[in-house]
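Novice: I have a structure here, written as structure tokens, and I will follow up with some questions on it.
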Amino acid sequence: MKRKRQPDFFSTQVSEARRFFLNLDPPSSERLAVVSGGCEHCASDYRIRRPGFRYFSIEFVARGEGSLRLSGEDHRLSPGTVFAYGPGIAHDIRTDPDRPLVKYFVDFAGTAARRLLRKPAPEPGRIVQTSGPEEVLRLFEDLVRTGLRHTPFSGRICAALL
């Protein structure tokens, strides 16, 4: 089966990426649907600036440094940082050109999506520093590996991992 072209919201300002997308328009009755995810090695000019995003999203910084303006507040990005955004939440992500970000992300939707973003996960528009970055990294690696397989079960497995 031939895959469609990648979504327009995937950044082109990357030096390397492993990204997947599943159903970008899940049914509104779906409880939880992972629509996309991946790992991006940001180029030195990486910047994403959005007034909001169609889906809920969680991002995890694995390496590098950068800055984040999230819901009008400025933050430093460093390894172990986790942040979330979604519909109506402005965000501006920039890499430090001397220490480019390597970050993971997962985008999701569904009737339970908003409820999922409670402690220990950051609420949309919030940022946290994880005390267990190795565990978070393993979960994201499992998510990316599963999403890239494109099996009939990838969507359900990715939702369970999320």
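The values are calculated or read from the model by the stated rules, or taken from the named source; none is laboratory data. All values reported here derive from a predicted model rather than from experimental measurement. Neighbour counts are summed over all protein chains in view; Cβ atoms, including those assigned to glycine, are modelled from backbone coordinates with ideal geometry. Ligands, DNA and RNA are excluded from the accessible area calculation, which covers all protein heavy atoms including side chains. Shrake-Rupley method; radii C 1.70, N 1.55, O 1.52, S 1.80 Å.
Novice: Among Ile127, Ile89, Ile157, which is the only one that is β-branched (Val, Ile, Thr) and open to solvent by 60 Å² or more (accessible area, probe 1.4 Å)?
Specialist: Ile157
Results for (1) among the polar types (S, T, N, Q); (2) at positive phi; (3) within 14 Å of the chain's Cα centre (by Cα), shown as yes or no for each residue.
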| position | (1), (2), (3) |
| --- | --- |
| Thr95 | yes, no, no |
| Ala109 | no, no, yes |
| Arg115 | no, no, no |
| Thr130 | yes, no, no |
| Val144 | no, no, yes |
| Gly147 | no, no, yes |
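Novice: Does Asp74 fit the bill of being acidic (Asp, Glu), farther than 30 Å from Asp25 by Cβ and open to solvent by less than 90 Å² (accessible area, probe 1.4 Å)? Reasoning before the result, please.
Specialist: On the way: acidic (Asp, Glu): yes; farther than 30 Å from Asp25 by Cβ: yes; open to solvent by less than 90 Å² (accessible area, probe 1.4 Å): no.
Against the criterion (acidic (Asp, Glu), farther than 30 Å from Asp25 by Cβ and open to solvent by less than 90 Å² (accessible area, probe 1.4 Å)), Asp74 does not qualify.
Novice: Could you list all residues from region 5-34 that are among the aliphatic types (A, V, I, L, M), open to solvent by less than 20 Å² (accessible area, probe 1.4 Å) and within 19 Å of Val136 (Cα to Cα)?
Specialist: Kept after step one, since they are among the aliphatic types (A, V, I, L, M), are these residues of region 5-34: 14, 17, 22, 24, 32-34.
Subset that is open to solvent by less than 20 Å² (accessible area, probe 1.4 Å): 33-34.
Across region 5-34, the qualifying residue is only Val34.
Novice: Give the residue, chosen from Tyr46, Tyr55, that is farther than 16 Å from Phe108 by Cβ and touching a residue at least 24 places away in the same chain (Cβ under 8 Å). Walk me through how you get there before you give the answer.
Specialist: On the way: Tyr55 fails: farther than 16 Å from Phe108 by Cβ.
That would be Tyr46, the only listed residue that is farther than 16 Å from Phe108 by Cβ and touching a residue at least 24 places away in the same chain (Cβ under 8 Å).
Novice: Looking at (1) crowded, with 17+ Cβ neighbours inside 10 Å; (2) closer than 19 Å to Phe21 by Cα; (3) out of contact with any Leu (no Cβ under 6 Å at 6 or more places or on another chain), can you tell me which one Ala84 breaks?
Specialist: (3)
Novice: Does region 109-126 hold any residues that are out of contact with any Leu (no Cβ under 6 Å at 6 or more places or on another chain) and modelled with pLDDT of 90 or more, and which are they?
Specialist: Ala109, Thr111 - these are the residues of region 109-126 that are out of contact with any Leu (no Cβ under 6 Å at 6 or more places or on another chain) and modelled with pLDDT of 90 or more.
Novice: Another question, then. Can you tell me which residues in region 35-69 are open to solvent by 10 Å² or more (accessible area, probe 1.4 Å) and of a type in the set (A, V, I, L, M)?
Specialist: Within region 35-69, Ala43, Ile48, Ile58, Ala62 qualify.
Novice: Within region 17-33, is even one residue touching a residue at least 60 places away in the same chain (Cβ under 8 Å), over 19 Å from Pro124 (Cβ atoms) and over 16 Å from the mean Cα position of the chain (by Cα)?
Specialist: yes
Novice: Can I ask one more? When region 132-162 is examined, which residues are found to be of a type in the set (Gly, Ala, Ser) and touching a residue at least 40 places away in the same chain (Cβ under 8 Å)? Spell out how you get there, then give the answer.
Specialist: Here is the first cut: in region 132-162, the ones of a type in the set (Gly, Ala, Ser) are 132, 147, 154-155, 159-160.
Matches in region 132-162: Gly147, Ser154, Gly155, Ala159.
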